[in-house]
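**Student:** Here it is: the structure, laid out below.
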Amino acid sequence: MDPVDTSDRARRLARVLISDVAAYAGDQVRIGLEKDDLFERLAPEIAQARVFYLYHVDPCVAERARLFEFALVDVLVYGHRRVQTHIW
Amino acid sequence: MVRPLTEQSYYELLEAPAEGTPQQIERAYRIARATYSPSSTATYSVFSADECAAILRRIEEAWAVLSDARLRREYDARLRRVDPRVSVPTRASAPAPARTVPLRERAPAPAPLRQAAHEPDLDGGLVPENGVFDGDVLRRIRVSLGIELEEIAATTKINEHHLRAIESNRYDQLPPPVYLRGFLKQIAKCLSLDGGHVADSYTARMRESSARRD
(Lines give C-alpha, C1' and ligand atoms only; values in the text may rest on other atoms or scores of the structure.)
Protein backbone atom coordinates (compact mmCIF):
# COMPACT_ATOMS: atom_id res chain seq x y z
CA MET A 1 0.00 0.00 0.00
CA ASP A 2 1.31 3.44 -0.92
CA PRO A 3 2.16 5.70 2.01
CA VAL A 4 -0.81 7.85 2.86
CA ASP A 5 0.71 11.29 2.73
CA THR A 6 -2.18 13.71 2.43
CA SER A 7 -4.88 14.69 4.89
CA ASP A 8 -7.61 13.77 2.42
CA ARG A 9 -6.31 10.26 1.96
CA ALA A 10 -5.72 9.87 5.70
CA ARG A 11 -9.27 11.01 6.39
CA ARG A 12 -10.57 8.55 3.83
CA LEU A 13 -8.53 5.67 5.24
CA ALA A 14 -9.69 6.43 8.78
CA ARG A 15 -13.28 6.48 7.65
CA VAL A 16 -12.97 3.19 5.80
CA LEU A 17 -11.30 1.52 8.77
CA ILE A 18 -13.87 2.74 11.26
CA SER A 19 -16.80 1.91 9.03
CA ASP A 20 -15.31 -1.59 8.79
CA VAL A 21 -15.21 -1.75 12.59
CA ALA A 22 -18.90 -0.86 12.61
CA ALA A 23 -19.78 -3.21 9.77
CA TYR A 24 -18.07 -6.20 11.37
CA ALA A 25 -19.19 -5.41 14.92
CA GLY A 26 -22.80 -6.32 14.23
CA ASP A 27 -25.08 -5.17 17.03
CA GLN A 28 -22.21 -4.09 19.26
CA VAL A 29 -22.36 -0.46 18.13
CA ARG A 30 -26.04 -0.17 18.97
CA ILE A 31 -25.60 -1.97 22.30
CA GLY A 32 -22.56 0.12 23.11
CA LEU A 33 -24.50 3.32 22.50
CA GLU A 34 -27.46 2.08 24.51
CA LYS A 35 -25.25 1.11 27.45
CA ASP A 36 -22.91 4.06 27.01
CA ASP A 37 -19.82 1.86 26.79
CA LEU A 38 -19.25 1.97 23.04
CA PHE A 39 -15.55 2.78 23.09
CA GLU A 40 -14.76 0.30 25.86
CA ARG A 41 -16.79 -2.39 24.11
CA LEU A 42 -15.01 -1.90 20.78
CA ALA A 43 -11.61 -0.99 22.26
CA PRO A 44 -9.68 -3.93 20.73
CA GLU A 45 -11.18 -3.41 17.27
CA ILE A 46 -10.56 0.33 17.42
CA ALA A 47 -7.02 -0.22 18.64
CA GLN A 48 -6.38 -2.63 15.78
CA ALA A 49 -7.76 -0.15 13.26
CA ARG A 50 -5.56 2.53 14.78
CA VAL A 51 -2.46 0.34 14.42
CA PHE A 52 -3.21 -0.13 10.73
CA TYR A 53 -3.94 3.57 10.27
CA LEU A 54 -0.80 4.79 12.00
CA TYR A 55 1.28 2.21 10.18
CA HIS A 56 0.20 3.50 6.79
CA VAL A 57 -0.28 7.23 7.36
CA ASP A 58 2.85 9.31 7.18
CA PRO A 59 3.56 11.05 10.50
CA CYS A 60 4.01 14.33 8.65
CA VAL A 61 0.32 14.38 7.70
CA ALA A 62 -1.21 17.26 9.62
CA GLU A 63 -3.61 16.22 12.36
CA ARG A 64 -2.90 12.56 11.70
CA ALA A 65 -4.13 11.29 15.06
CA ARG A 66 -7.02 13.71 15.17
CA LEU A 67 -8.35 12.61 11.78
CA PHE A 68 -8.72 9.13 13.17
CA GLU A 69 -10.57 10.42 16.24
CA PHE A 70 -12.88 12.49 14.03
CA ALA A 71 -13.70 9.41 11.99
CA LEU A 72 -14.43 7.48 15.18
CA VAL A 73 -16.98 9.99 16.34
CA ASP A 74 -18.42 10.66 12.91
CA VAL A 75 -18.90 7.05 11.89
CA LEU A 76 -19.58 5.32 15.19
CA VAL A 77 -21.55 8.01 17.00
CA TYR A 78 -23.03 10.43 14.48
CA GLY A 79 -23.58 7.63 11.99
CA HIS A 80 -25.75 5.86 14.57
CA ARG A 81 -27.54 8.95 15.88
CA ARG A 82 -30.92 7.31 15.46
CA VAL A 83 -30.18 4.67 18.07
CA GLN A 84 -32.44 5.16 21.06
CA THR A 85 -30.18 5.80 24.01
CA HIS A 86 -30.14 7.94 27.14
CA ILE A 87 -26.82 9.51 26.18
CA TRP A 88 -28.55 12.05 23.92
CA MET B 1 5.59 4.73 8.03
CA VAL B 2 5.80 4.66 11.82
CA ARG B 3 9.19 5.32 13.34
CA PRO B 4 11.28 2.34 14.32
CA LEU B 5 10.23 0.93 17.63
CA THR B 6 13.40 1.98 19.37
CA GLU B 7 12.85 5.61 18.34
CA GLN B 8 9.32 5.83 19.69
CA SER B 9 8.82 7.22 23.15
CA TYR B 10 7.00 5.02 25.64
CA TYR B 11 4.01 7.32 25.34
CA GLU B 12 3.93 6.95 21.59
CA LEU B 13 4.33 3.23 21.88
CA LEU B 14 1.35 2.93 24.23
CA GLU B 15 -0.51 5.71 22.41
CA ALA B 16 -1.00 7.30 25.80
CA PRO B 17 -1.13 11.03 26.43
CA ALA B 18 2.13 12.27 27.88
CA GLU B 19 0.12 14.01 30.58
CA GLY B 20 -1.99 10.92 31.12
CA THR B 21 -3.10 9.86 34.56
CA PRO B 22 -1.89 6.48 35.88
CA GLN B 23 -5.34 5.11 34.97
CA GLN B 24 -5.03 6.34 31.38
CA ILE B 25 -1.55 4.86 31.13
CA GLU B 26 -2.76 1.53 32.47
CA ARG B 27 -5.67 1.48 30.05
CA ALA B 28 -3.38 2.31 27.14
CA TYR B 29 -1.01 -0.42 28.25
CA ARG B 30 -3.79 -3.01 28.37
CA ILE B 31 -5.04 -2.07 24.91
CA ALA B 32 -1.52 -2.10 23.46
CA ARG B 33 -0.84 -5.50 24.99
CA ALA B 34 -4.09 -6.90 23.59
CA THR B 35 -3.38 -5.40 20.17
CA TYR B 36 0.00 -7.08 19.83
CA SER B 37 -0.90 -10.32 21.58
CA PRO B 38 -0.35 -13.51 19.57
CA SER B 39 -4.12 -13.94 19.26
CA SER B 40 -4.72 -10.47 17.83
CA THR B 41 -6.33 -10.68 14.42
CA ALA B 42 -5.40 -7.18 13.30
CA THR B 43 -1.65 -7.38 13.55
CA TYR B 44 -1.13 -10.89 12.26
CA SER B 45 -0.65 -9.77 8.69
CA VAL B 46 1.25 -6.61 9.55
CA PHE B 47 3.85 -7.97 11.94
CA SER B 48 5.55 -11.32 12.17
CA ALA B 49 5.42 -13.29 15.42
CA ASP B 50 8.97 -12.20 16.22
CA GLU B 51 8.13 -8.56 15.61
CA CYS B 52 5.04 -8.83 17.79
CA ALA B 53 7.15 -10.40 20.54
CA ALA B 54 9.67 -7.55 20.25
CA ILE B 55 6.90 -4.97 20.41
CA LEU B 56 5.35 -6.71 23.41
CA ARG B 57 8.71 -6.69 25.18
CA ARG B 58 9.00 -2.97 24.54
CA ILE B 59 5.41 -2.44 25.73
CA GLU B 60 6.23 -4.25 28.98
CA GLU B 61 9.34 -2.11 29.31
CA ALA B 62 7.24 1.03 28.77
CA TRP B 63 4.73 -0.12 31.37
CA ALA B 64 7.45 -0.90 33.89
CA VAL B 65 8.70 2.68 33.62
CA LEU B 66 5.46 4.61 33.23
CA SER B 67 3.64 2.75 35.99
CA ASP B 68 6.30 3.74 38.51
CA ALA B 69 5.98 7.40 39.50
CA ARG B 70 9.68 7.89 40.19
CA LEU B 71 10.87 6.12 37.04
CA ARG B 72 8.30 8.02 35.00
CA ARG B 73 9.53 11.38 36.31
CA GLU B 74 13.10 10.44 35.44
CA TYR B 75 12.04 9.23 32.00
CA ASP B 76 10.08 12.43 31.32
CA ALA B 77 13.07 14.52 32.29
CA ARG B 78 15.29 12.47 29.98
CA LEU B 79 12.77 12.83 27.17
CA ARG B 80 12.75 16.61 27.61
CA ARG B 81 16.53 16.70 27.45
CA VAL B 82 16.55 14.72 24.19
CA ASP B 83 14.11 17.09 22.53
CA PRO B 84 12.68 20.07 24.37
CA ARG B 85 9.77 20.22 21.92
CA VAL B 86 8.42 16.99 23.30
CA SER B 87 5.41 17.49 25.47
CA VAL B 88 5.91 15.68 28.73
CA PRO B 89 3.98 16.12 31.94
CA THR B 90 4.58 19.24 33.88
CA ARG B 91 2.00 20.31 36.36
CA ALA B 92 1.45 23.57 34.47
CA SER B 93 1.31 22.25 30.90
CA ALA B 94 -1.98 21.89 29.11
CA PRO B 95 -2.99 18.35 28.14
CA ALA B 96 -2.03 17.32 24.62
CA PRO B 97 -2.10 13.87 23.07
CA ALA B 98 1.38 12.41 22.71
CA ARG B 99 0.72 11.32 19.14
CA THR B 100 0.22 14.88 17.99
CA VAL B 101 3.61 15.97 19.30
CA PRO B 102 6.14 13.97 17.32
CA LEU B 103 9.68 13.67 18.60
CA ARG B 104 10.92 14.98 15.27
CA GLU B 105 9.32 17.14 12.65
CA ARG B 106 9.69 14.56 9.92
CA ALA B 107 9.57 10.82 10.21
CA PRO B 108 12.77 9.00 9.33
CA ALA B 109 12.93 5.98 7.05
CA PRO B 110 10.03 3.54 7.34
CA ALA B 111 10.15 1.12 10.23
CA PRO B 112 11.86 -2.15 9.37
CA LEU B 113 8.64 -4.06 9.53
CA ARG B 114 7.72 -6.97 7.36
CA GLN B 115 5.03 -6.33 4.81
CA ALA B 116 2.56 -9.17 4.62
CA ALA B 117 2.95 -11.39 1.57
CA HIS B 118 -0.55 -10.54 0.48
CA GLU B 119 -0.33 -6.84 1.23
CA PRO B 120 -1.61 -5.09 -1.87
CA ASP B 121 1.23 -3.53 -3.80
CA LEU B 122 -0.27 -0.44 -5.37
CA ASP B 123 2.89 0.42 -7.24
CA GLY B 124 3.08 -2.82 -9.17
CA GLY B 125 -0.63 -3.53 -9.47
CA LEU B 126 -2.98 -5.02 -6.95
CA VAL B 127 -2.33 -8.68 -7.55
CA PRO B 128 -0.79 -10.32 -4.47
CA GLU B 129 2.58 -11.99 -4.93
CA ASN B 130 1.15 -15.49 -4.68
CA GLY B 131 -1.75 -14.60 -6.97
CA VAL B 132 -4.30 -15.95 -4.48
CA PHE B 133 -7.35 -13.86 -3.72
CA ASP B 134 -9.07 -14.74 -0.50
CA GLY B 135 -11.38 -12.58 1.58
CA ASP B 136 -8.57 -10.99 3.53
CA VAL B 137 -6.78 -9.90 0.35
CA LEU B 138 -9.98 -8.46 -1.11
CA ARG B 139 -10.63 -6.56 2.09
CA ARG B 140 -7.11 -5.15 2.21
CA ILE B 141 -7.31 -4.04 -1.39
CA ARG B 142 -10.65 -2.37 -0.72
CA VAL B 143 -9.27 -0.56 2.33
CA SER B 144 -6.16 0.44 0.39
CA LEU B 145 -8.35 2.00 -2.27
CA GLY B 146 -10.38 3.82 0.38
CA ILE B 147 -13.65 2.11 -0.46
CA GLU B 148 -16.19 1.38 2.26
CA LEU B 149 -18.07 -1.90 2.35
CA GLU B 150 -21.27 0.09 2.16
CA GLU B 151 -20.17 1.61 -1.14
CA ILE B 152 -19.49 -1.82 -2.63
CA ALA B 153 -22.94 -2.90 -1.46
CA ALA B 154 -24.56 0.17 -2.99
CA THR B 155 -22.72 -0.23 -6.30
CA THR B 156 -23.14 -3.95 -6.71
CA LYS B 157 -26.48 -4.38 -4.91
CA ILE B 158 -24.91 -7.27 -3.02
CA ASN B 159 -26.17 -7.62 0.54
CA GLU B 160 -23.61 -6.46 3.11
CA HIS B 161 -24.07 -9.74 4.94
CA HIS B 162 -22.73 -11.59 1.89
CA LEU B 163 -19.90 -9.10 1.44
CA ARG B 164 -18.83 -9.59 5.05
CA ALA B 165 -19.00 -13.37 4.65
CA ILE B 166 -16.85 -13.17 1.50
CA GLU B 167 -14.25 -10.94 3.13
CA SER B 168 -14.18 -13.02 6.31
CA ASN B 169 -13.87 -16.30 4.40
CA ARG B 170 -16.94 -17.58 6.22
CA TYR B 171 -17.64 -20.14 3.53
CA ASP B 172 -20.62 -21.64 5.32
CA GLN B 173 -22.47 -18.33 5.02
CA LEU B 174 -21.83 -17.76 1.34
CA PRO B 175 -24.50 -17.96 -1.34
CA PRO B 176 -24.57 -20.92 -3.79
CA PRO B 177 -21.47 -21.08 -6.06
CA VAL B 178 -23.21 -19.75 -9.14
CA TYR B 179 -24.22 -16.57 -7.28
CA LEU B 180 -20.90 -16.39 -5.49
CA ARG B 181 -18.96 -16.25 -8.77
CA GLY B 182 -21.16 -13.39 -9.94
CA PHE B 183 -20.68 -11.56 -6.66
CA LEU B 184 -16.93 -12.01 -6.79
CA LYS B 185 -16.77 -10.67 -10.34
CA GLN B 186 -18.78 -7.61 -9.33
CA ILE B 187 -16.56 -6.98 -6.31
CA ALA B 188 -13.46 -7.40 -8.46
CA LYS B 189 -14.82 -4.87 -10.92
CA CYS B 190 -15.26 -2.33 -8.12
CA LEU B 191 -11.65 -2.93 -7.11
CA SER B 192 -10.37 -2.76 -10.71
CA LEU B 193 -9.30 -6.40 -10.62
CA ASP B 194 -9.65 -9.21 -13.11
CA GLY B 195 -13.06 -10.63 -12.22
CA GLY B 196 -12.50 -14.06 -13.74
CA HIS B 197 -9.19 -14.52 -11.96
CA VAL B 198 -10.57 -13.34 -8.62
CA ALA B 199 -13.57 -15.66 -8.89
CA ASP B 200 -11.40 -18.63 -9.89
CA SER B 201 -8.87 -17.97 -7.17
CA TYR B 202 -11.41 -17.39 -4.41
CA THR B 203 -13.52 -20.44 -5.24
CA ALA B 204 -10.39 -22.62 -5.58
CA ARG B 205 -9.32 -21.48 -2.13
CA MET B 206 -12.79 -22.21 -0.81
CA ARG B 207 -12.73 -25.73 -2.28
CA GLU B 208 -9.30 -26.38 -0.76
CA SER B 209 -10.59 -25.29 2.61
CA SER B 210 -13.68 -27.50 2.33
CA ALA B 211 -11.54 -30.47 1.26
CA ARG B 212 -9.27 -29.97 4.27
CA ARG B 213 -12.27 -29.92 6.58
CA ASP B 214 -13.78 -33.13 5.11
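**Student:** Restricting to the range B:137-164, name every residue that is of a type in the set (Gly, Ala, Ser), assigned to a helix (DSSP H, G or I) and either outside the structural domain of B:Asp194 (by TED's automatic domain parsing) or without any contact (Cβ under 8 Å) to a residue 12 or more places away in the chain (or both).
**Tutor:** Correct list: B:Ala153, B:Ala154.
**Student:** Ok, one more. In the range A:20-35, how many are in contact with a Phe, Trp or Tyr (Cβ under 9 Å, 6 or more places away or on another chain) and either facing chain B (nearest Cβ under 10 Å) or charged (D, E, K, R) (or both)?
**Tutor:** Residues flagged as in contact with a Phe, Trp or Tyr (Cβ under 9 Å, 6 or more places away or on another chain) and either facing chain B (nearest Cβ under 10 Å) or charged (D, E, K, R) (or both) within the range A:20-35 amount to 0.
**Student:** Among the listed residues A:Leu54, A:Leu38, A:Leu67, A:Leu17, which satisfies the condition of being buried (at least 20 other Cβ atoms within 10 Å of the Cβ) and within 8 Å of another protein chain (Cβ to nearest Cβ)?
**Tutor:** Answer to the check: A:Leu17.
**Student:** If only one of A:Asp2, A:Asp27 is acidic (Asp, Glu), modelled with pLDDT under 95 and under 18 Å from B:Arg142 (Cα atoms), which one is it?
**Tutor:** Checking each option against the conditions leaves just A:Asp2.
**Student:** Restricting to the range B:165-214, name every residue that is of a type in the set (Gly, Ala, Ser), over 15 Å from B:Gly135 (Cβ atoms) and without any contact (Cβ under 8 Å) to a residue 24 or more places away in the chain.
**Tutor:** Listed by number, the residues that qualify are B:Gly182, B:Gly195, B:Gly196, B:Ala211.
**Student:** Next up: Quick check on my filter: what residues within the range B:169-214 are loosely packed, with under 15 Cβ neighbours inside 10 Å and in a loop (DSSP other than H, G, I, E, B)?
**Tutor:** B:Arg170, B:Pro176, B:Ser192, B:Asp214, listed by residue number.
**Student:** Still on this structure, I have one more. Which residue, of A:Val16, A:Val61, A:Val83, is over 29 Å from B:Pro128 (Cα atoms) and at pLDDT 90 or above?
**Tutor:** One residue alone meets the criteria, A:Val83.
The values are calculated or read from the model by the stated rules, or taken from the named source; none is laboratory data. Computed from a predicted model, the values in this text were never measured in an experiment. Note: ideal-geometry Cβ built from the backbone for every residue, glycine included; neighbour counts use all protein chains shown.
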